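A.B. asks: My questions will all concern the structure given below.
The values are calculated or read from the model by the stated rules, or taken from the named source; none is laboratory data. Since the model is a prediction, treat every value here as computed from it, not as a measurement. Cβ atoms come from the backbone with ideal geometry, glycine included; neighbour counts cover every protein chain shown. Heads up: the accessible areas ignore ligands, DNA and RNA and are worked out on the full protein's heavy atoms, side chains in. Shrake-Rupley method; radii C 1.70, N 1.55, O 1.52, S 1.80 Å.
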Amino acid sequence: MTQPLDLAGLGAGPFNLSIAALIDGLNRKGEQINSRFFDQKQAFSWHPGMLLPGVRMQTSYLKDLVTGIDPTSEYTFLNYLVEHKRFYQFLTAELSAVSRVEYADYLRWAAEKLPMIEYNSSIEAVDFKDNAFELHFTDGREPVKANNLCLGTGKRPYIPESVRPYLGGNVFHAIGIAQRDMSVEGLKVAIIGGGQTGAEVFENMIDQLWGKPASVHWVSRRANYEPLDETPFTNEFFTPQYVNEFYHLPESVKANIVASQKLASDGISPDTLKALYQKLYELSLQQDISHLDMRPNRELTDMNYQKGTHQITVQNGMNHQTETFDADVVILCTGFETALPSYLDGFSSRITTDENGQFELNRDFQVGWDGPQQNRIYAVNAGRHSHGIAEPQMSLMCWRSATIINSLLGKEVYNLKQAMNLVNWQQSQPQQTQAAPAQEALTA
Ligand SMILES: Cc1cc2nc3c(=O)[nH]c(=O)nc-3n(C[C@H](O)[C@H](O)[C@H](O)COP(=O)(O)OP(=O)(O)OC[C@H]3O[C@@H](n4cnc5c(N)ncnc54)[C@H](O)[C@@H]3O)c2cc1C
């Protein structure tokens, strides 16, 4: 009988890839961590449906899979550049932000080098039998056994309630927009959502990527088209020190803090805002641009379908009036939501969740469950409520991976102590810079 894996990764998006890359480095140094990561895709890709022309990263390329923890790893972005023989040109280009196309290619390059990633492996269910987890796959293959799991299957698109009955055809989430065969020639378009994706879709409407629309209404709930806050003290939220402070706060205050920090992670890149404004200005010198209708401070309240077109109703937050307009095509740039993945349906009664149905996560990203403590379930991209706004972002991805690996191995293979505290977040709080001690070592 084959031994259970030490760790099975569910999903091989960037967050689990980061764990795999660090594990691969440790195994080369003599650790023997037997891991496999399973993904339903046929090959690696990173949000390919949202790779619109010109889209750029919102985080530094140094916040890659490994650099913040192990800059000597072969999976760094810099090594990717060196292997592809474009290190000097990359530096000379002085890009303020790397294109998402290049970053996706970096992730693909790393994924292809990692020996423990298995594609065409769609997980259908999770079970616990004979002291090990069992992963069941949709193709009915032999289940895989593992002592520990790391859930990394991402989030699901958020669809507003009023839109759900009309989803399909010309009403869709932006998640697959770059791969759609679509034309908006002569059509009325509504873009719902005023974050980065909404801005990217609107910009491509101006550029007529999908033809010349009759009109474009761009609705944002926020008071304006608001910038991503990338200023220095805001960036302190994306440090291990801040997460350590945040984690220990009472649940009752965490949600308010996360809400108040929204623009630190969900605003529009200032470069995108500037490019948009300049395009609108220059276009307005040449033609009437009243068909490009920007409506900030509007909340979508209702949607209907009559006489072959959709009626969109929004509430204006400035004067509290109701406004309506027609749309033939409705593009939802409404972001993503956390939801328990369907493969946990038969297992969810064993997992501890809070009143909002979200995982109760330990500081070292372990999900609470009712089984043996030496069998652990970790989760990535699932702890915005518990660990703060850095969780769904790449900024602390490799620090979280190292935290999980220290916990998995029951020893400090990575020294996560940080030397610098520029901001005094809480006076009496003792510094929590190390991983919480694991109950038992992997091999125990
Ligand atoms: C368009 C876009 C741009 C972004 N840009 C940035 C940025 O610039 N900077 C930043 O910090 N963050 C960015 N983010 C946020 C975040 O970094 C990404 O969403 C990131 O991809 C999250 O990684 P993940 O591994 O959690 O999830 P995902 O990338 O969603 O990967 C999950 C994986 O799980 C697999 N999977 C799902 N279900 C199953 C199943 N049942 N069985 C097997 N496999 C399964 C999927 O195939 C997928 O490969 C961006 C997000 C989006 C959507």
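A.B. asks: Being farther than 30 Å from Ile19 by Cβ and among the charged types (D, E, K, R) narrows it down to one of Asp229, Asp181, so name that one.
C.D. replies: Only one candidate passes the filter, namely Asp181.
A.B. asks: Scan region 319-341 and report the pairs whose first residue is over 12 Å from Arg156 (Cβ atoms) and whose second residue is at pLDDT 95 or above and among the basic types (Lys, Arg), with Cβ atoms within less than 6 Å and a gap of 6+ or a chain change.
C.D. replies: Cβ pairs passing all conditions: Asp326/Lys188; Ala327/Lys188; Asp328/Lys188.
A.B. asks: Quick check, is Val82 modelled with pLDDT of 95 or more and crowded, with 20+ Cβ neighbours inside 10 Å?
C.D. replies: no
A.B. asks: Next up: Return the residues of region 29-53 that are within 14 Å of the ligand (Cβ to nearest atom) and open to solvent by 70 Å² or more (accessible area, probe 1.4 Å); say none if nothing qualifies.
C.D. replies: Passing the criteria: Arg36, Gln40, Lys41, Gln42, His47, Pro53.
A.B. asks: List pairs: first residue in region 1-28 and within 15 Å of Asn131 (Cβ to Cβ), second residue small (Gly, Ala, Ser) anywhere in the structure, Cβ distance under 8 angstrom, at least six positions apart or on different chains.
C.D. replies: Pro4/Ala132; Pro4/Ala146; Leu5/Ser35; Leu5/Ala146; Asp6/Ser35; Asp6/Ala146; Ala8/Ser35; Ala8/Ala146
A.B. asks: On to the next question. May I ask you to list the residues in region 383-408 that are within 14 Å of the ligand (Cβ to nearest atom), open to solvent by less than 10 Å² (accessible area, probe 1.4 Å) and of a type in the set (A, V, I, L, M)?
C.D. replies: Ile389, Ala390, Met397, Ile404
A.B. asks: Can you name the helices (runs of 4 or more DSSP H) wholly within region 205-265 that have at least 3 residues being open to solvent by less than 50 Å² (accessible area, probe 1.4 Å)?
C.D. replies: Passing ranges, in order: 240-247, 251-260.
A.B. asks: Among the residues of region 160-177, is any closer than 27 Å to Gly317 by Cα, buried (at least 22 other Cβ atoms within 10 Å of the Cβ) and of a type in the set (D, E, K, R)?
C.D. replies: There is no residue in region 160-177 that is closer than 27 Å to Gly317 by Cα, buried (at least 22 other Cβ atoms within 10 Å of the Cβ) and of a type in the set (D, E, K, R).
A.B. asks: What residue, among those in region 54-69 that are among the small types (Gly, Ala, Ser) and at pLDDT 95 or above, is nearest to the ligand (Cβ to nearest atom)?
C.D. replies: It comes out as Ser60.
A.B. asks: Which ones in region 398-423 are part of a loop (DSSP other than H, G, I, E, B), in contact (Cβ under 8 Å) with a residue 40 or more places away in the chain and not hydrophobic (A, V, I, L, M, F, W, C)?
C.D. replies: Listed by number, the residues that qualify are Tyr414, Gln418, Asn421.
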